[in-house]
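> There's a structure below that I have some questions on.
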Amino acid sequence: MLNVPSPAFPAPGSQQRAASGGRSKVPLKQGRSLMDWIRLTKSGKDLTGLKGRLIEVTEEELIKHNKKDDCWVCIRGLVYNVSPYMEYHPGGEDELMRAAGSDGTDLFDQVHRWVNYESMLKECLVGRMAVKPVVLAKENHEKKPLNGILLKSKVPDLPVKEISPSYDWFQTESLVTIVIYTKQKDMDSESVIVDYQDGCFRAEIVVNDYSYLLHTELSHEIQEDITARVTEKTGKVEIILKKKNNVSWKYLGHPLESHNSFTAHREKGAEIVKPYTPVLESLHSDLREPLHPHNKYIYVIIKIYHTGLFTPHFDCLQIGDYVSLSNPEGNFKKSQLQDLEELFLLAAGTGFTPMVKILNYALANITNLRKVKLMFFNKTEEDILWRNQLEQLADKERRFEVEFILSEPTCEWIGKQGRISLPLLSKFVKRSLENSRVLICICGPAPFTEQGIRLLKDLNFSQEEVHSFTA
Ligand code: NAP
């Protein structure tokens, strides 16, 4: 229906050659070639008439769109407005009209199942068919859903597009609010990256291994301070833009490349990458998350290894130089801290960095928390990161305790020394009550972490009670 292969492909008898004898092409008007179509789809023109919105389409609605200049077709549960494509269709308009206002999945499969219609008609996507509740008829016969509409129970098999976030926007006199529905629990503001430059607005929402991108040249100017709010329970992201002039916007903007797309993170190539864990500005004394002006700052602790390959380059950076940052990675979820009574943090060297936010968040938000203990392994006293702040916090906050262990102490050191070991852990990581809900977080050089995990297992802590950070 969408494109006709050359007579040699697919091979005769191939599964892809479903219609025997092939089908005739109709002559296309000038400027209506495949390349012209691709150019049109990349032009940013609103091809659906919905200004980038995706909607749920009911059967009743689908049927209404059955004319050449208003033609919607459903293929495997996704609905496309194919009117703009009519003149580009090598099989002709009449052929395309056979599926107008209906489910064209069977017809499509008969003619050329192999065509990548998802990519070809990406900009014509209107939305998905509304899922109807399945009624069980008598004698256990399931009512067959309309071809192409998948039942909720089949959701894990759906293509990525089916589980992808969607967005909407609305405005008041002075604000424009973009709402993105990710349908993901446990989302937090660190998964939202917003940028505005030269009239182009870009919001990237990280959902597990995927990124949802809104990228658009806004129809009107906005002020620079953009606010993002995340409702953790539902995964709803609200991005609030302040209008520069109090005028009514007719549409959000012109979509730019990859606008409203949901794609898997690309494999990293040969470039050198190194993960760093963002920390806070400090271990704030009032134990509340410090307010970064407009969420514009990221704080990282970087240890320069003078004989290393990567960090000496960092050491040479000047103010005003650029580094590129990837999306956040990692699998720690705040929900692991919920209802916790005791939290143990085992850190070695810069393995302290993931503990900063956990410590801060747990003390400020987990009401049942009775104790947080940090066991911090370093070579020398000079290596202890944020020692003053940690000692001050331990003085102020009765639930927090810190212990420093050095592997290369000077003779003046009166604290504990050595490496991670069973005798050290068995004294330090102990439930204060038999049934206490505990979590132990561990991070440091890989062999340190591996050994720690083994020792904690020997001490009968379950897998769920131990979270290790690995680079
Ligand atoms: P370091 O100064 O070399 O070592 C810190 C402490 O760990 C020292 O007391 C050291 O003892 C001990 N240690 C090292 N290897 C050990 C082993 N095999 N068994 C027991 N103890 C051991 O550490 P660093 O240079 O800061 O490195 C920190 C590491 O943490 C890096 O590998 C980094 O990639 C990792 N990290 C991971 C994350 C994450 O999120 N996954 C975040 C931050 C850092 P000795 O003096 O005896 O060696």
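The values are calculated or read from the model by the stated rules, or taken from the named source; none is laboratory data. Bear in mind that the values here come from a model prediction, so they are computed numbers and not experimental data. FYI the Cβ positions are ideal-geometry reconstructions off the backbone, even for glycines, and counts take in every protein chain you see. Calculation scope for accessible area: heavy atoms of the full protein, side chains included, ligands and nucleic acids excluded. Shrake-Rupley method; radii C 1.70, N 1.55, O 1.52, S 1.80 Å.
> Using the beta-carbon distance between Leu175 and Glu232 and R0 = 22 Å, what value does 1/(1 + (r/R0)^6) give for FRET efficiency, to the nearest 0.05?
0.45
> Hand me the trypsin sites (Lys or Arg not before Pro) from region 330-364 located in a DSSP loop with no more than 16 other Cβ atoms within 10 Å, in residue order please.
When the trypsin sites (Lys or Arg not before Pro) of region 330-364 are filtered for loop state and at most 16 Cβ neighbours within 10 Å, Lys333 remain.
> In whole Hz, with x marking every Gly and Pro, tabulate ³J(HN,Hα) for region 176-182 from phi via Karplus 6.51 cos²θ - 1.76 cosθ + 1.60, θ = phi - 60°.
Residue by residue, region 176-182 yields 10, 10, 9, 10, 10, 9, 8 Hz.
> Suppose R0 equals 56 Å. What FRET efficiency, 1/(1 + (r/R0)^6) with r the Cβ-Cβ distance, do Asn246 and Glu118 give to the nearest 0.05?
About 0.90, to the nearest 0.05.
> Further question: Positive end of the charge dipole of region 321-471 (Lys, Arg +1 and Asp, Glu -1 on Cβ, about the Cα centre): tell me which of Ser407, Val356, Ser324 has its Cα farthest that way.
In region 321-471, that residue is Val356.
> Still on this structure: What is the gain in length, in nm to one decimal, between Asn435 and Asn208 on full extension, counting 0.36 nm per residue of separation less the C-alpha to C-alpha distance?
78.5 nm
> Sticking with this structure for a sec: Within region 375-471, how many Lys pairs sit with Cα atoms under 17 Å apart, leaving out pairs fewer than 8 places apart on the same chain?
For region 375-471, the number of qualifying lysine pairs is 4.
> At 0.36 nm per residue, minus the direct Cα-Cα distance, what do Cys200 and Leu280 gain on full extension? Give it in nm, one decimal, please.
This chain segment gains 25.9 nm when fully extended.
> Now for a different question. Would you tell me the accessible area of Asp103, worked out with a 1.4 angstrom probe on the heavy atoms of the protein chains, in Å² to the nearest 10?
Surface open to solvent at Asp103 totals about 40 Å².
> On a full-extension model of 0.36 nm per residue, what is the gain between Lys29 and Gln417, subtracting their alpha-carbon distance, rounded to one decimal in nm?
131.5 nm
> Could you work out how far apart the two model spin labels at Lys183 and Gln223 are, taking each label as a point 7 Å from the Cα in the direction of the beta carbon, and quote it in nm?
That separation, rounded to one decimal, is 3.6 nm.
> Greater than 20 Å separation of Cα atoms is the criterion. Which listed pairs, Lys29/Lys68; Lys183/Lys244; Lys185/Lys243; Lys334/Lys373, meet it?
Beyond 20 Å: Lys183/Lys244; Lys185/Lys243.
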